Every structure is written in structure tokens, then in C-alpha cells.
């Protein structure tokens, strides 16, 4: 696996060399970021990206090649690619030394279109996602070429990563050590049709996508072609098949390498999801604009302007999946992406200027509205409810709707309120799947008061503390009795039915509540204090102090 940046010349050669490119002369270890791909046109004024790799599609002979090298020097080009073979090597070596522009040749049999496509794919990977570098399993997130090289190193075999249609997404080095079919696949970025038909006839794909383990494919017999056996594994995210990883092997894999291959497939799922999420440049741009707008800083107004939302009221929707629904991170990531894409399509049909982006584990939507009114919030709730009805409840997604932002500066507050609503929906036992902050404002406040109590390490005090201590010693259910009485507004018959005891027994218990707790139940202030403390403690705690860790945080709706 290369240790160089995906935009460096040495990394390009490590990934594409011998299959598409042959290095001739130059400093391959220069610490320079490749800015893009350019095409030399002798009949037009040239404008290249900084440190470009220039494709000399029509450059022939040593004289013309040397002239182009000198012409690229003022542009700061990193390398020139010409069709090989080249003549007068000594002269070209001097030209490279004088200009600092590396010289490479295109491998025989490869086309310029193939090279341009592969270069743009490789160089675009550094643009995916956040500016800060993230890794998955020690490999830069979403960098499929680095992943292919890592797997190839583990297996000591050339590896390809393919999608469901057998298109080559990335490949490791050493492909020339495999066979003609593999090289042909790399050049075309697609497994040849004749091999696909052969695999279909022998049920290879059916077994691959049905099996959880490795699939061993014998060397195909096809006229005079000589090919190596293959070992393949499907890449899954839950129930979704993302693609597969194929290794061309000269000898059977050891048990250790088979186990490593299976583990690599799990890691490949996360990388392929990351790659898929960042493959759409327009989506990445809108996601960046949404994130900037939600931060509410100096760039929020410009971001909203580019989204077409600068001059009208907007509210924020926040969609998330309940935590703790499984440990299959690839499956959860796929669900987030699937629901985010579906929400974007749904909202665009309702309000074309809506903008949706997945930020972390929450999908945020900027939803333009006509004004700040209860009717507007009701419409937003209805739109979100319709979406969740269409997608079903398999994933358990919920949507919180923030306050209406009448100006860009208020958008950050709308996001905060959407997050507060989302938290209430996650914590409630019988909560709806969609709510606006106005509907759950008191519940949100209660959760925040509970957070404050936990932060301050507060414990129940006064009458409730005395009742809880008595219950712990005598198992008298006095806290439960007080809760039922308060919830029924003092109606003993209704409260006793909810507590599943006889009314006379309940009357006795409520008298014991007043005696043990030393509480005047006729005093409105005492009743309110008891109700508030009961709301801040779990239903099943029996009066214990709030969970200081927050891991067993009580429900907001008791």
C-alpha cells in the first residue's frame, strides 16, 4: 500500500503504473499535490491545473516531446505522458532534468480515454468528505485504491474491487503478474463479457451473492486463453450487496489469508459506502453548503444564497435512527444514506428548493416555508409524516422539526431545536415518529433539567427522598402510589385502577405517603415539587437518583 497522498505523482504511479503508465525520467518522490489532468493542444492557448499531469495525445518524436516539456515548465506541470516507445532517450533525460517535468509513457494497448478516466477517478478521491483526513482500518476513508493495495499485500495477489455490474472501481498493483483477462479488465474498467457469461453459466455470481464466505473460482477454460484461478468475496452492508473483491491466485490461500480476506471484505463495505457517498460532486457541494448554513457563522448567508434560501423563512428538519439498533456499522451507514437520499427526493417534490445533507448520523433538511405560523409547522409535520409512512418503520427513523428561522442568523437555533426534538423522540416510550419543537418543548426542557441534575450530581431530596428510602427498606410502593395519585389529579378510583390495587388499599397507601414523606398533599407547591422530581427520575427506579452516566436516561413522557 502506498504511503503517499492520493494526489501525489508517486501514488499515481503506484496505483496505475505497469498497467497504464511506464515511468521514464523524473523525480517521482516530489512532495507535490497533483492538481488535475490536462490535455496538450498545440493549436490553442493552454490553461492547466496547478501541477497537472498533461496528456500529450498527439506528441510524437524526441524533438516534439522535448519542446513540449520545455513549454510545460512555465505552467508548473508535474508530468507529461506520451505514447511509447520514445527515441533519443539521452536528449529527453536532459530535457526532464532542465524542466523538472517528469516523463511517462502510455502502456501499449491502453487508450488515452482510459487513462484520463482512471486519473480523474484516482485524483478525485481526495475531495471526498471532510477536509480532515479520516481512516477506516488504517486506510484513508473511501480510498478504494489504497484498500485494494492493502488487501493485495495481505494476500500476496493482485486484487480488484468491483461493483454489482462487475465494473472495476479500483485495483491493486501487480496486475501484470496476473493474466491477460485481468489486464483487459483493468484497461476497460469492466470484466470482459465472455467471462461474465461464463460465470453466469457456472452459477458463480449466484453463489457469490448468496454465500457469506469465500467463493473459489477455478481457472476458466476458454479457447487458447490462459487465466489464473480466482477467489472472490461479496461486500455487504446488511442485506445490500455493494459489490465484490476478487483476487487472482497462483496457489490456494492459507487459512490465515482466507480469514484476512473475509475481514477485509467487512472493511471494504465501509469504504465502498464512503466512496459512494462522496462520488456525487453536486451532492458533496450541497452537503457542504448545508453544513455551513447550519453553523450560522459568517459564511451562512453566502451558503444560503447559493442554495437559493437566503431571502425566505426556513426551518430545519433532523432525521435520525434510534441508537443501539445493532453493531453492523456498514448496515447502519447504508440505512442512513438510503433514508437521506429518499428524504432529499421526497422534499424536492414538495418544495424544490429544499436541501438535505447527512452530517454524522443525522440527516438535516433545510425546508423553506412561507411564514412563521402554527399552520406552517403543521404542514412540515405532515410532509415528514408522509415520508416516514412511505419508507415504512423497519429502520425506526424519527424526524424532529425545529423552529422557523426568519433570518439566516436564526438557522443555528432552528437546528438546535430540531436536535432537541429528535432527542425527545428517541427518549419517549410512546412518542410519535414526527414532532415539532413546539409540540415537545416541555419534554425537551425536562430532559435538559435532568441533564443539569446529573451534571450537578443531585439526588432526590425532601419528601421524595424519604419515600424512596422507606420503599427500599419495606417494599411499600409509596413512590409508585404518589405518582399514580398525582397523574390522576387526586382521583382515588382512577389512580387505584392504574395501580391495580383496591381503592381502600390505595387510600391507606396515600395516607402513608403523607405521613412517611411529611408532605402536605393539599399544598399546590408541594404537589408541584413532587411532580417535578418524579419526572426527573426513571419510572422503574423506585426513587433512585438520576443516572449519573446518562446511559439509562429516563423517558421524557412518563
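Out of curiosity, is residue 417 under 20 Å from residue 368 (Cβ atoms), surrounded by fewer than 22 Cβ atoms within 10 Å (Cβ to Cβ) and modelled with pLDDT of 85 or more?
no
Is it true that some residue in region 431-450 is assigned by TED's automatic domain parsing to the domain that holds residue 402, part of a loop (DSSP other than H, G, I, E, B) and at pLDDT below 85?
Within region 431-450, one or more residues are assigned by TED's automatic domain parsing to the domain that holds residue 402, part of a loop (DSSP other than H, G, I, E, B) and at pLDDT below 85.
If residue 118 satisfies all but one of (1) at pLDDT below 85; (2) in a strand (DSSP E or B), what's the number of the condition it fails?
The one condition residue 118 does not meet is (2).
Only one of 170, 150, 178, 157 is touching a strand residue (DSSP E or B) at 6+ places or on another chain (Cβ under 8 Å), crowded, with 16+ Cβ neighbours inside 10 Å and over 24 Å from residue 108 (Cα atoms); which?
Among 170, 150, 178, 157, only 150 is touching a strand residue (DSSP E or B) at 6+ places or on another chain (Cβ under 8 Å), crowded, with 16+ Cβ neighbours inside 10 Å and over 24 Å from residue 108 (Cα atoms).
Would you confirm whether or not region 207-215 contains a residue that is loosely packed, with under 15 Cβ neighbours inside 10 Å and at pLDDT 90 or above?
The answer is yes, given that some residue of region 207-215 is loosely packed, with under 15 Cβ neighbours inside 10 Å and at pLDDT 90 or above.
Could you please find all residues in region 39-69 being touching a helix residue (DSSP H, G or I) at 6+ places or on another chain (Cβ under 6 Å), part of a helix (DSSP H, G or I) and surrounded by fewer than 19 Cβ atoms within 10 Å (Cβ to Cβ)?
62 - this is the single residue of region 39-69 that is touching a helix residue (DSSP H, G or I) at 6+ places or on another chain (Cβ under 6 Å), part of a helix (DSSP H, G or I) and surrounded by fewer than 19 Cβ atoms within 10 Å (Cβ to Cβ).
Would you mind stating whether residue 416 is assigned to a helix (DSSP H, G or I), within 30 Å of residue 365 (Cβ to Cβ) and either without any contact (Cβ under 8 Å) to a residue 24 or more places away in the chain or more than 34 Å from the chain's Cα centre (by Cα) (or both)?
yes
Going through 3, 19 one at a time, which residue ends up being surrounded by fewer than 18 Cβ atoms within 10 Å (Cβ to Cβ), modelled with pLDDT under 80, touching a helix residue (DSSP H, G or I) at 6+ places or on another chain (Cβ under 9 Å) and part of a loop (DSSP other than H, G, I, E, B)?
Testing whether each residue is surrounded by fewer than 18 Cβ atoms within 10 Å (Cβ to Cβ), modelled with pLDDT under 80, touching a helix residue (DSSP H, G or I) at 6+ places or on another chain (Cβ under 9 Å) and part of a loop (DSSP other than H, G, I, E, B) leaves just 3.
Quick check on this structure: which one of 217, 183, 226 is touching a residue at least 60 places away in the same chain (Cβ under 8 Å) and farther than 30 Å from residue 407 by Cα?
183
When you check residue 12 against the structure, is it surrounded by 15 or more Cβ atoms within 10 Å (Cβ to Cβ) and at pLDDT 90 or above, yes or no?
Taking the combined requirement at face value, the residue does not satisfy it.
Would it be correct to say that residue 461 is more than 30 Å from residue 349 (Cβ to Cβ), under 26 Å from the mean Cα position of the chain (by Cα), surrounded by fewer than 22 Cβ atoms within 10 Å (Cβ to Cβ) and modelled with pLDDT under 90?
no
Within region 387-406, restricting attention to residues that are without any contact (Cβ under 8 Å) to a residue 60 or more places away in the chain and surrounded by 13 or more Cβ atoms within 10 Å (Cβ to Cβ), which residue is nearest to residue 371 (Cα to Cα)?
Among those residues, the one meeting the criterion is 387.
Out of everything in region 190-204 that is under 31 Å from the mean Cα position of the chain (by Cα) and crowded, with 18+ Cβ neighbours inside 10 Å, what residue ends up being nearest to residue 167 (Cα to Cα)?
So, considering only residues that are under 31 Å from the mean Cα position of the chain (by Cα) and crowded, with 18+ Cβ neighbours inside 10 Å, the one nearest to residue 167 (Cα to Cα) is 191.
The values are calculated or read from the model by the stated rules, or taken from the named source; none is laboratory data. Every value quoted in this text rests on a predicted model; they were computed, and no experiment measured them. Here the Cβ is made from the backbone with ideal geometry for all residues, glycine too, and neighbour counts use every protein chain on show.
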